[in-house]
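Just so you know, all these numbers are worked out from the coordinates, no wet-lab data involved. From a predicted model like this one, the values you see are computed outputs, not experimental measurements. Virtual Cβ from ideal backbone geometry, glycine too; neighbours counted across all protein chains shown.
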Amino acid sequence: MPELAEVEVVRRNLVDWWEGRAASEVRLLDEDLPKESAPEQFVDALRHVVTEIRRRGKYLICAFADASSVVFHFRMTGKIIRCASPDVDYARAGWRVDETGWLVFKDQRRLGEARVFEAGEIDEYAPLQRMGPEPEDVTLQHLRDHCSDRRMLKTALLDQSIVAGVGNIAVSELFWRLQFAPGVKCGELTDEQMQALIEEMPRYFNEIIDFSMADEIRYIEEAGAASEKSPFQVYGREGEECPRCFDTIEKIRVGGRSSYFCRRCQR
Ligand SMILES: [Zn+2]
């Protein structure tokens, strides 16, 4: 499942592969990909020159020369890859860009989506409007204002209106790095601990982005949990040794989602 880092990797690829150019041919292979927009609208939008590709949280936003935009969300397994042809497994759309080849929206679970917005409409799109700051822009004041003392820090961080782009993997990894207990409540953390979290978030995401840069992003579910290639210290590593104290990594459910942690160093 994508988090901020995976979407950012796709964004950087698309800046190289697509920005400043238009697709010469567009094939929509699954009419369910465009949400709340007609299939023709999606095809038509992609025929314009892309002027900017940006990311907000886990959303990828492609702005076109006619002031329309297409917003992609990858959900569970979506990704955009570069291929020689759009005839690849799980392709839902493909568009050909000169000198790049085919860009293909590939999505095994078919939960990803694309939304087309005409000029100005994107400003009204609620998920983007309500989204909290990017991890690098979060301040202590912002966290204290938006996280009640009794709320679990984990559920607060997963709330996209508080911080954009943080997912379940990032929470396990950040908590391990900072030695926070998986169920810690916002009010139990000192300002110094909150500040450490604020500094660690962008550092963590930048490390994962650097590690993950490739033509095709690999979700941990695909790579196989705990594979040697995983950049994660605890996520997906239940039963393995904690890299810090060599105790055993455990997996429990916190706030309805799995948390991986070391009982000895995260009290
Ligand atoms: Zn440990």
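Suppose every K and R has +1 on its Cβ and every D and E has -1 on its Cβ; what is the size of the dipole of the stretch 135-262 about the Cα centre, in Debye to the nearest 20?
Working: 14 positive and 23 negative charges, 104 e Å.
My answer is approximately 500 debye.
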Exercise for review: Along each of the three principal axes of the Cα atoms of the chain, give the extent in whole Å, ordering the values from largest to smallest.
Suggested key: 57, 39, 28
Practice item. May I ask which residue of VAL234, PHE205, THR248 lies farthest towards the positive end of the charge dipole of the stretch 190-267, with charges of +1 (Lys, Arg) and -1 (Asp, Glu) on Cβ and the Cα centre as origin? Key: THR248
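Dividing the alpha-carbon Rg of the stretch 4-129 by 2.2 N^0.38 Å yields what?
On the way: Rg = 13.0 Å, N = 126, 2.2 N^0.38 = 13.8 Å.
Rounded to two decimals, the normalised Rg is 0.94.
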Check your understanding: Just going by the charge dipole of the stretch 4-129, with Lys and Arg at +1 and Asp and Glu at -1 on Cβ, which of ALA38, ALA67, VAL15 is farthest out on the positive end?
Key -> VAL15
Exercise for review: Would you look at the GNM of the chain, springs on alpha carbons closer than 10 Å, and say which of GLY256, GLY236, GLY101 moves the most?
Suggested key: GLY256
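Given the convex hull over the Cα atoms of the stretch 58-140, what projected area results after averaging over all orientations, in nm²? List each step's numbers first, then the result.
Numbers: hull surface 28.8 nm².
Computed as one quarter of the Cα hull surface, the answer is 7.2 nm².
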Check your understanding: Mean residue ellipticity at 222 nm from the helices of the chain, using -39,500 (n - 2.57) per DSSP H segment of n ≥ 4 over the full residue count, to the nearest 500 deg cm²/dmol?
Key -> -8000 deg cm²/dmol
Check your understanding: For the stretch 102-110, what does the Karplus curve 6.51 cos²θ - 1.76 cosθ + 1.60, with θ = phi - 60°, yield as ³J(HN,Hα) per residue in whole Hz, taken in order and with x for Gly and Pro?
Key -> 8, 9, 10, 8, 10, 7, 4, 7, 6
Check your understanding: With charges set only on the Cβ (+1 for Lys and Arg, -1 for Asp and Glu), what does the dipole of the chain come to about its Cα centre, in debye to the nearest 20?
Key -> 920 debye
Exercise for review: Enumerate the whole-percent occupancy of each 5 Å bin, from 0 to the last occupied one, for all C-alpha pair distances of the stretch 135-262.
Suggested key: 2, 10, 20, 24, 20, 14, 7, 2, 0
Check your understanding: Pick from SER212, SER85, SER230: which residue has the top mean-square fluctuation in a GNM of the chain where Cα pairs under 10 Å get a spring?
Key -> SER85
